[in-house]
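Data block below; observations after.
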Amino acid sequence: MSREVIATDKAPAAVGPYSQAVRVGNLIYTAGQLGIIPGTKSFAGPDIEAQTRQALENLKAVLEAAGSSLEHVVKTTVFLQDMGEFSRMNGVYATFFPTNPPARSAVQAAALPLGGRVEIEAVAEA
């Protein structure tokens with residue numbers, strides 16, 4: 001089975017030795033996306049809503065670069081800096097997956113890269 005690395009400048013560049021996404025067969029595995037504005041090192045805002053929205057826009061850009069879309073996501077994992085912000089994150093998340101949402105796990109992490117409030121990764125069909 002072939003392995004293809006996916007990269008786009010429409011999402012933040014990797015901050016370490018990893019790929020934005022990898023396609024293997026019919027599946028695309030994304031790296032976690034923070035709420036950073038592409039081309040900068042700045043978060044979209046200090047609050048969970050702004051960072052969630054940007055993280056999902058970044059995820060969308062990575063999936064589109066791989067020839068997929070949010071509609072083809074089968075599983076996401078959401079990492080939260082503070083589980084107390086779950087409902088606020090969830091409100092934004094729901095607008096990106098209004099019907100037939102993917103399976104999801106959400107966990108609180110002790111810390112996220114660059115001090116982010118949320119990081120979201122996905123598995124999608126190609």
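None of the figures in this text is laboratory data; all of them are computed from the coordinates on show. From a predicted model like this one, the values you see are computed outputs, not experimental measurements. Cβ placement follows ideal geometry from the backbone for every residue including glycine, while neighbour counts extend to all protein chains displayed.
Which value, in debye to the nearest 20, gives the size of the charge dipole of the stretch 3-125 about its Cα centre, when Lys and Arg are +1 and Asp and Glu are -1 at the Cβ? List each step's numbers first, then the result.
Values: 10 positive and 12 negative charges, 23 e Å.
The dipole magnitude comes to about 100 debye.
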Given the options Pro113, Pro38, Pro12, which has the most mean-square fluctuation in a GNM of the chain, springs set between C-alpha atoms less than 10 angstrom apart? Pro113
Approximate shape of the stretch 39-98 as ellipsoid semi-axes (Cα gyration tensor, √5λ), whole Å, largest first: 20, 15, 9
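Compute the normalised compactness of the chain: alpha-carbon radius of gyration over 2.2 N^0.38 Å, N being the residue count.
On the way: Rg = 13.5 Å, N = 126, 2.2 N^0.38 = 13.8 Å.
Cα-based Rg divided by the globular estimate yields 0.98.
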For the stretch 16-50, list residues with backbone N below 14 Å from a point placed 7 Å from the Cα of Ser2 toward its Cβ? 23-27
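Select from the stretch 1-107 those chymotrypsin sites (Phe, Trp or Tyr not before Pro) which occupy a DSSP coil region and have at most 13 other Cβ atoms within 10 Å, ordered by residue number. All intermediate terms of the calculation are to be shown ahead of the outcome.
Numbers: sites: Tyr18, Tyr29, Phe43, Phe79, Phe86, Tyr93, Phe96; in loops: Tyr18.
Passing both the DSSP loop test and the Cβ count: Tyr18.
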Farthest toward positive dipole pole in the stretch 3-125 [+1 Lys/Arg, -1 Asp/Glu at C-beta], among Val24, Phe97, Leu112: Val24
